[in-house]
1. Given region 179-266, what helices (runs of 4 or more DSSP H) lie entirely inside it while holding 1 or more residues that are acidic (Asp, Glu)?
2. Please find, within region 413-431, the residue that is nearest to residue 543 (Cα to Cα) out of those that are open to solvent by 20 Å² or more (accessible area, probe 1.4 Å) and among the polar types (S, T, N, Q).
3. Can you go through 224, 201 and tell me which one is within 30 Å of residue 240 (Cα to Cα) and at pLDDT 95 or above?
4. Please tell me if residue 384 is more than 15 Å from the ligand (Cβ to nearest atom) and either open to solvent by less than 10 Å² (accessible area, probe 1.4 Å) or part of a strand (DSSP E or B) (or both).
5. Does any residue of region 300-311 turn out to be of a type in the set (Lys, Arg), under 20 Å from residue 609 (Cα atoms) and touching a Gly at 6+ places or on another chain (Cβ under 8 Å)?
6. What are the residues in region 291-305 that are assigned to a helix (DSSP H, G or I) and touching a residue at least 24 places away in the same chain (Cβ under 8 Å), if any?
7. Which numbered condition trips up residue 100, out of (1) open to solvent by less than 40 Å² (accessible area, probe 1.4 Å); (2) farther than 30 Å from residue 128 by Cβ?
8. Against the conditions (1) open to solvent by less than 40 Å² (accessible area, probe 1.4 Å); (2) within 30 Å of residue 371 (Cα to Cα); (3) free of Cβ contacts under 8 Å to residues at least 40 places away in the same chain; (4) not aromatic (Phe, Trp, Tyr), where does residue 110 fall short? Just the number, please.
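The values are calculated or read from the model by the stated rules, or taken from the named source; none is laboratory data. Predicted model, so just to flag it, every value in this text is computed and none were measured. Neighbour counts are summed over all protein chains in view; Cβ atoms, including those assigned to glycine, are modelled from backbone coordinates with ideal geometry. Remember, those area values only see protein heavy atoms, side chains included, never the ligands or the DNA or RNA. Shrake-Rupley method; radii C 1.70, N 1.55, O 1.52, S 1.80 Å.
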Amino acid sequence: MASETLAGQAPAARSRNRVEIPDRFKWDVLDIFPNWEAWDGAYKELDTGIAQYAQLKGTLGQGPAQLLDAFRRSERLGQLAYRVWYFPSLQYDQDQRDNTINARRQQVQILFAKWKQAESWFSPELLQIPLETVRAWMDREPPLALYRFAIENLYRQQEHVLDEAGEKLMSLSSRLSQAPYDAYAALSTADARFPTITLSDGEEITVSYGQYRAVLATRHNQADREKAFTALHESYKATLNTYAALYNAVCQRDWFQARARGYASTLEAALHGDNIPTSVVENLIETTRAGVGPLRRYHQLRRRALNVPTYQVYDFSIPLVSFDKKYSYHEVLDWIVDAEAPLGPDYQALMRKGFSSHWIDVYENEGKRSGAYSAPVYGVHPYMLLNYTDTLDDVFTTAHEMGHSMHTILSHETQPFIYSDYTIFVAEVPSTLSEALLLEYMLARSTDPTERIVLLQHAIDNITGTFYTQVLFADYELRAHRLAEQDQPITAEILTETYTQLLKDYYGDAVDLNPHTGITWSRIPHFFNSPYYVYQYATCFASAAKIARQIMAGGREAAEARDRFLNLLRAGGSDYPMELLRKAGVDLSQPDTVRAVVDQLDSLVTRLEKELAAR
Ligand SMILES: [Zn+2]
């Protein structure tokens, strides 16, 4: 999520040459391979291993030894693949103008495609063997029992696998399934004509999405923000019926696939992979709808503080106070580590090690990839890409990515390879918690009232953007898909009405609407690209809020909550995400986890009110 926030900002001057940056601010890729010859050797080893793996086809039925052999070989390939991929990939992100490295990166992508093909026989062949037989094998051959969860999960998913003719038909139709998004991408970018507007100071800008975001976040003249908003949405409105036809295709495709595989709904089909019950999304939406009070109170506060004649969605991101404090990198590292004190000294020591061991590529340079990420290089250590420019956002991004890295370290050192990777459903929990702890730490220490306002604003924007907006999105997706499921028409008018009603349900009269607000659905790529995905940001956020509340409560309960949280990180992907979270004290099928976010926002808005009143 951090990278998405950053991507929306105006492009910074990335003019520094990489050689001018001292080595202590760069990651060291030589921890992966000492040189390209070593990488080349590993690449060939992977290539050979893939060919050998393909030879195992037809052997699984022979017995537990053969099944174990297939698992172990696959794990060895998987471990090697991390290093073979990240060695060129990280170097490419250092400077994306380097075509030699890009070619090597693409070479790995081609090999991965070959690998996918070479192992495609495994699941169908395993599933031919009755589960009872495989269970008996696991009892007889103890090393095979390590793979129990992975095996049982495959059989669980088999419930919705069709017979051979059915699967063939599905795979033939799969080539069409990407068409709505491809058309959406072409319509909204390649074929889009972004309008040019003149702002109040005479500056002329082309309203691309990046420029639009920049105007909303920096232009204090409301008329400028309105102009950019109207211009951008006019460009979507010009082809709104086409966007609606494409979105109808998304919903119809999802409903076709769900029915073909015997699911009761599109939501059930989407959640089955991670074994998440549909009640999680329904509960998330219901509890959030009942908890919109603090959201409205926050926007009413903004309306008063900005003192504008009408308060609209284009007024959401303009800062309430001006603030340009710089945060130097070496100074904030201590804060980030100190802030994690509730997680214990061992956790802090690991973090300190991460900050001082050439894991992080800190500053921007010519050609470097934008945004931020943490890359889990199995068998080496996590690598973090930042584009640190001394802003408060950068401080929180650093804490966020470090949360991901800590998850990687604890999971990799505890789990066997097959369970070392964690799903998106839990991934944003440690990163969000890391930010929450840093916020409390900085708020408690700041002696500058303006800084406290900016900190509170940052935390509130995180909740409104990462939580409430994503729930509203999920709510919209669910409603639109239900139209398809109930054989109702899906047109531009109906989608706009649906979206407008949602805005009213969530914001009430705290926000004024205009004729363009309701067509927002047409410009959200996630709706067209990955339906039923964004709700996971909200559930992660809620889980982190619940855990943060327990950890910061102090006393024995806090110590227990901390241990449960660390065990969640150590557990990696060794169980279904709902189970892992339940063990960490979070039950997403119950309203109290979601209410933790509502309560958190409520208390932050109260603090912001006090700070603003004191000015
Ligand atoms: Zn993240």
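1. Working: elements: 179-185, 209-218, 222-237, 240-260.
Fully inside region 179-266 and qualifying: 179-185, 222-237, 240-260.
2. 423
3. Working: 201 fails: within 30 Å of residue 240 (Cα to Cα).
Only one candidate passes the filter, namely 224.
4. Values: more than 15 Å from the ligand (Cβ to nearest atom): no; either open to solvent by less than 10 Å² (accessible area, probe 1.4 Å) or part of a strand (DSSP E or B) (or both): yes.
Considered against the rule, which asks whether it is more than 15 Å from the ligand (Cβ to nearest atom) and either open to solvent by less than 10 Å² (accessible area, probe 1.4 Å) or part of a strand (DSSP E or B) (or both), residue 384 comes out as no.
5. No - not one qualifying residue is present in region 300-311.
6. Restricting attention to region 291-305, the residues satisfying the condition of being assigned to a helix (DSSP H, G or I) are 293-305.
Correct list: 293, 294, 295, 296, 297, 298, 299, 300, 301, 303, 305.
7. Checking residue 100 against (1) open to solvent by less than 40 Å² (accessible area, probe 1.4 Å); (2) farther than 30 Å from residue 128 by Cβ, the one that fails is (1).
8. All conditions are met except number (1).
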